[in-house]
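Enquirer: Have a look at this one.
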2 protein chains.
Amino acid sequence: WITPTPLGEGKSTVTIGLVQALTAHLNVNSFACLRQPSQGPTFGVKGGAAGGGYAQVIPMEEFNLHLTGDIHAITAANNLLAAAVDARILHESTQSDKALYNRLVPVVNGVREFSSIQLARLKRLGINKTDPGTLTADEISKFVRLDIDPSTITWQRVLDTNDRFLRKITIGQANTEKGFFRQAQFDIAVASEIMAILALTTSLADMKERLGKMVVANDKNGQPVTAEDLGVTGALAVLMKDAIKPTLMQTLEGTPVFVHAGPFANIAHGNSSVLADKIALKLVGEGGFVVTEAGFGADIGMEKFFNIKCRTSGLVPSVVVLVATVRALKMHGGGPNVTAGAPLKKEYTEENLQLVADGCCNLQKQIQIAQLFGVPVVVALNVFKTDSHAEVDLVCEIAKQSGAFDAVPCNHWSAGGRGAVELAQAVRKAASQENSFKYLYNLELPIIEKIRIIAQKVYGAEDIELSPVAQSQISRYSKQGFGNLPICMAKTHLSLSHQPERKGVPTGFILPISDVRASIGAGFIYPLVGTMSTMPGLPTRPCFYDIDLDPDTEQVKGLF
Amino acid sequence: WITPTPLGEGKSTVTIGLVQALTAHLNVNSFACLRQPSQGPTFGVKGGAAGGGYAQVIPMEEFNLHLTGDIHAITAANNLLAAAVDARILHESTQSDKALYNRLVPVVNGVREFSSIQLARLKRLGINKTDPGTLTADEISKFVRLDIDPSTITWQRVLDTNDRFLRKITIGQANTEKGFFRQAQFDIAVASEIMAILALTTSLADMKERLGKMVVANDKNGQPVTAEDLGVTGALAVLMKDAIKPTLMQTLEGTPVFVHAGPFANIAHGNSSVLADKIALKLVGEGGFVVTEAGFGADIGMEKFFNIKCRTSGLVPSVVVLVATVRALKMHGGGPNVTAGAPLKKEYTEENLQLVADGCCNLQKQIQIAQLFGVPVVVALNVFKTDSHAEVDLVCEIAKQSGAFDAVPCNHWSAGGRGAVELAQAVRKAASQENSFKYLYNLELPIIEKIRIIAQKVYGAEDIELSPVAQSQISRYSKQGFGNLPICMAKTHLSLSHQPERKGVPTGFILPISDVRASIGAGFIYPLVGTMSTMPGLPTRPCFYDIDLDPDTEQVKGLF
């Protein structure tokens, strides 16, 4: 998609309209793979994400509510690990080696033995013993103490609620926690690394391994402490054992849809799941199409789709469908601000060819980004009823001149699959072309080089600038052996640059990297470009003002 | 049940064994109604709650994990309300009346109108207008400001995780919250008032009404502020619309089981749901039996069952089954401490008739408590393999002498329903008796009198003693019109008194009431007897050390 307005430009509706066109109108097997929406925005600002008009996933209420509970499972698993981190620090701080050992390896019915999780830990520590009675005092100390440095904890608690008061909190202030208070935060549940893992994993065994590898902090020697060190890998896998299965739903026209995972596009990769894509590909068979959703513009969702998700899945994309709207292009051409909740200015509701033409620079740049990866681009212009014929024609014309394989207007919102038949035909044709897909960077490059390549080639930055924190994090991760991971930039989606107000194609900017973090289980390093909020808030008038339940009919009102 | 040891005495297994005996062995229609366990203890100290041995609910993994997501739905609803409280205070503090009004009642597509939730609020404020343009400045101010006094907020956030570091926290410390930080806490999810509502509600309409009536704080004039005032009733009902449906499961012998709700027995009433009981009663038909579980001893679970749940449901119980174990009776007779995780002392594994005889005073007292309500008591002695014949006979003898209708040993753990046939026969016989069920107090009595009646008649206290806070809370609730609600005592379950270490039948004590709180939506006042923890912690060696998932077979290990 092009760089969106804060209102969204219709990614979900285009995805759904396209599979409806392919299957219900062109008789081609197809499958849509969508992300599960967070309840935070559903009850907060944005509303639901089931598509709209005649391009919707049904049943829409289930889609926007708990569905099969995957996000709740993530919340449970994430927070069990968080509780384990703090409880462990407390227990280690208040007990001797011997007391810890007696509690960790108790005598049960006269027998004292290590659990399998503990045997694995002994192995990692290089202690090749299985009888708890034979450990030396030194080995016992190594075994019982994770020695977590509280100032290095990166594992945060999560909730699937827009609760801004949890952005920065102090925990552990009750007397029972004996003075071990510290500063912490809650993120929105979909920002959990476990969500990123769910989206990238390829099997139950792979998921369990990734869960165990998640780094929660460093120990006092600067070594990473993982979920596996805390003995919680198995429990996390048990909590996630059903969430790993994609949920089968359908569009209004009966096309199958997998709903699975929904990693936060700001600090994670924002794409639907590898498993859903793979199962869907198997189901559609040769000649079938799987349309999978990526979050935000080509600079964010698509770049991460190619450089992160495709590396994990090993799959090669056939076509990029780039969604554009006249509204967003006018904004990039210099139109007034677009704000959620406020009425649109007349520039957006009346014909203005100059604004459209000026804004197409953003579309052109997004097409060029897709071409960096060697994949043909079809531009889908999501037509609104206020768009004029001349505006629509102009966008399609410029898109084709800019290197798009094709550019077509879509009317799936008002006409369902029938309104996206032209798009479906263009996609089929593009998919039959030769394809020279390639990654943008080699994993073996230094972290800093990988960041620079994305900043320059994708965003159009002149260079990058690292804060001292970012620099020391990069050298720490490199030393810890995590230098070969792909990069997941945490950058605003509202501009190609780091400044949301800079529309069109910003140039001449230096991209500031304020911090660099790592999701080792998910398998990426994520540099922070400025501050990225990981917990949305509730506005003065949240969506829930319009949401209601009729107790007699059980009908839900106001959920979109 | 009698006053339990910290290990539990087998409430769930007796419930399951009894229905297995009734249906699979005596051919009588029966249904068990169980509570859904919290994930906190499952991964923390206690483990799961599906029963055990040959008296279990299956599939046990589902029962102990997410099941159909009811507790997750409660967490989501509870925390949406909490987020709404703090966000509202922030928005009111930083905006003028006019700005608030413009945001709360915006112009959408040229039209400005109140939502139905807002119209309801206007009505409550006595403003009989429907056109947003006609409100006076004073009416606008009344409409837009809830004027919540932050120091009176009683609505807490919840998680279904044993996370002791959230017992006391400071929230709102990020710059975006502009200095509005305050002290708060997380409770375990099952302690949410919404869980108590789920357990007591009788229909979707009733649930929605109760959700709207929940009091979250007082305004600066001392008036209660409700979920309805915050405009969130409809959204809460939508989040809870599926949770209201009991989940049908079965025992190992195929007897049907409803699993539904599981309110925290410490600060709520701790009983399974009214709806499950009612549906089950309909299904078993005339002559059938519904066995429904109540938390902890007769002083806690049963008293609340009668005085709170039966008032809501209008149902009259036929028989009380009081569960006892030789182990717990020995503890009451002066046996050594029983601690979870530590091996049992020899007093508990070898015959000791004196300890049993001395401990039967607790059993006798529990029988007397049940008799206060006019319902016949059958004592179910849950036999462990270390109990001697003489010990078992002695308990049954004393129980019958103490006024029990009957007292029988049960072996359902090792023998399934067959091991509880004698119990089932005793229950059938007791149920055919004349029954003179009555409540212990009239709702019209002053709050303080109702508390005193429970303390003296049930606990055996000499009197009660109110802290100044408790006194002022009682007068506030009485003034606010909540004086007629039943009482839900928040007292330790480990003693009939407020001191967990006092076993047997403590006498000569004054029950201290440290605070009095209210769950207006659920419909009870809950006095705190000392401090009741509403958030358990993780021990040094949590249950999760033994929990694992085999990624090939998908088998869960270590979940009990």
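Enquirer: Suppose we keep only residues that are part of a helix (DSSP H, G or I) and in contact with a Phe, Trp or Tyr (Cβ under 7 Å, 6 or more places away or on another chain) within region A:167-194. Which one would you say is surrounded by the fewest Cβ atoms within 10 Å (Cβ to Cβ)?
Expert: A:177
Enquirer: Of all residues in region B:140-154, count the ones that are away from chain A (no Cβ under 11 Å), of a type in the set (A, V, I, L, M) and assigned to a helix (DSSP H, G or I).
Expert: Of the residues in region B:140-154, 1 are away from chain A (no Cβ under 11 Å), of a type in the set (A, V, I, L, M) and assigned to a helix (DSSP H, G or I).
Yes or no, residue by residue, for (1) over 22 Å from residue B:417 (Cβ atoms); (2) open to solvent by 40 Å² or more (accessible area, probe 1.4 Å); (3) away from chain A (no Cβ under 14 Å):
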{"position": "B:224", "(1), (2), (3)": "yes, no, yes"}
{"position": "B:244", "(1), (2), (3)": "yes, no, no"}
{"position": "B:252", "(1), (2), (3)": "no, yes, yes"}
{"position": "B:264", "(1), (2), (3)": "yes, no, yes"}
{"position": "B:268", "(1), (2), (3)": "yes, no, yes"}
{"position": "B:283", "(1), (2), (3)": "no, yes, yes"}
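Enquirer: Also, I was wondering about something else. Quick test of your reading of the structure: residue B:455 fulfils all but one of (1) among the hydrophobic types (A, V, I, L, M, F, W, C); (2) in a helix (DSSP H, G or I); (3) open to solvent by 10 Å² or more (accessible area, probe 1.4 Å). Name the failing condition by number.
Expert: (3)
Enquirer: Would you mention how many residues in region A:441-452 are assigned to a loop (DSSP other than H, G, I, E, B) and either closer than 15 Å to residue A:300 by Cα or free of Cβ contacts under 8 Å to residues at least 24 places away in the same chain (or both)?
Expert: 2
Enquirer: Among the residues of region A:94-108, write down those that are in contact (Cβ under 8 Å) with a residue 24 or more places away in the chain and closer than 23 Å to residue A:178 by Cβ.
Expert: Listed by number, the residues that qualify are A:94, A:97, A:98, A:100, A:101, A:104.
Enquirer: Against the definition (open to solvent by 20 Å² or more (accessible area, probe 1.4 Å) and touching a residue at least 12 places away in the same chain (Cβ under 8 Å)), how does residue B:115 come out, yes or no?
Expert: no
Enquirer: For region B:31-63, enumerate the residues that are within 23 Å of residue B:533 (Cα to Cα), touching a strand residue (DSSP E or B) at 6+ places or on another chain (Cβ under 8 Å) and within 12 Å of chain A (Cβ to nearest Cβ).
Expert: Correct list: B:38, B:40.
Enquirer: For residue A:103, state whether it is more than 7 Å from chain B (Cβ to nearest Cβ), closer than 30 Å to residue B:532 by Cα and basic (Lys, Arg).
Expert: Judged against the criteria, residue A:103 is not a match.
Enquirer: Name the one entry in A:157, A:164 that is at the interface with chain B (Cβ under 8 Å from one of its Cβ atoms), farther than 27 Å from residue A:221 by Cα and either open to solvent by less than 10 Å² (accessible area, probe 1.4 Å) or within 35 Å of the chain's Cα centre (by Cα) (or both).
Expert: Selected residue: A:164, the only one of A:157, A:164 that is at the interface with chain B (Cβ under 8 Å from one of its Cβ atoms), farther than 27 Å from residue A:221 by Cα and either open to solvent by less than 10 Å² (accessible area, probe 1.4 Å) or within 35 Å of the chain's Cα centre (by Cα) (or both).
Enquirer: Being at pLDDT 95 or above, of a type in the set (A, V, I, L, M, F, W, C), farther than 19 Å from residue B:309 by Cβ and in contact with a helix residue (DSSP H, G or I) (Cβ under 6 Å, 6 or more places away or on another chain), is that true of even one residue in region B:195-209?
Expert: No, because not a single residue in region B:195-209 is at pLDDT 95 or above, of a type in the set (A, V, I, L, M, F, W, C), farther than 19 Å from residue B:309 by Cβ and in contact with a helix residue (DSSP H, G or I) (Cβ under 6 Å, 6 or more places away or on another chain).
Enquirer: To continue, here is another question. Tell me which of these residue B:461 doesn't satisfy, since it passes every other one: (1) free of Cβ contacts under 8 Å to residues at least 40 places away in the same chain; (2) out of contact with any Asp or Glu (no Cβ under 7 Å at 6 or more places or on another chain).
Expert: Status for residue B:461: all satisfied but (1).
Enquirer: Can you find, within region B:48-64, the residue that is farthest from residue A:84 (Cα to Cα) among those that are open to solvent by 10 Å² or more (accessible area, probe 1.4 Å) and under 19 Å from the mean Cα position of the chain (by Cα)?
Expert: So the residue we want is B:51.
Enquirer: For region B:458-477, how many residues meet the condition of being open to solvent by less than 60 Å² (accessible area, probe 1.4 Å) and either closer than 14 Å to residue B:524 by Cα or not in a helix (DSSP H, G or I) (or both)?
Expert: 9
Enquirer: Here's a follow-up. If I ask for residues that are more than 7 Å from chain B (Cβ to nearest Cβ), free of Cβ contacts under 8 Å to residues at least 24 places away in the same chain and open to solvent by 30 Å² or more (accessible area, probe 1.4 Å), which ones from region A:545-560 would you list?
Expert: Across region A:545-560, the qualifying residues are A:550, A:552, A:553, A:555, A:557.
Enquirer: Right, next: Being assigned to a loop (DSSP other than H, G, I, E, B) and out of contact with any strand residue (DSSP E or B) (no Cβ under 6 Å at 6 or more places or on another chain) narrows it down to one residue among B:66, B:91, B:72; which is it?
Expert: That would be B:66, the only listed residue that is assigned to a loop (DSSP other than H, G, I, E, B) and out of contact with any strand residue (DSSP E or B) (no Cβ under 6 Å at 6 or more places or on another chain).
Enquirer: What do you reckon, is residue B:129 away from chain A (no Cβ under 12 Å), basic (Lys, Arg) and open to solvent by 10 Å² or more (accessible area, probe 1.4 Å)?
Expert: When the stated conditions are applied, residue B:129 passes them.
The values are calculated or read from the model by the stated rules, or taken from the named source; none is laboratory data. Small disclaimer: the values here were computed from a predicted structure and weren't measured. Neighbour counts run over all protein chains shown; Cβ positions are idealised from the backbone, glycine included. Protein only, heavy atoms only, side chains kept; ligands, DNA and RNA dropped before computing areas. Shrake-Rupley method; radii C 1.70, N 1.55, O 1.52, S 1.80 Å.
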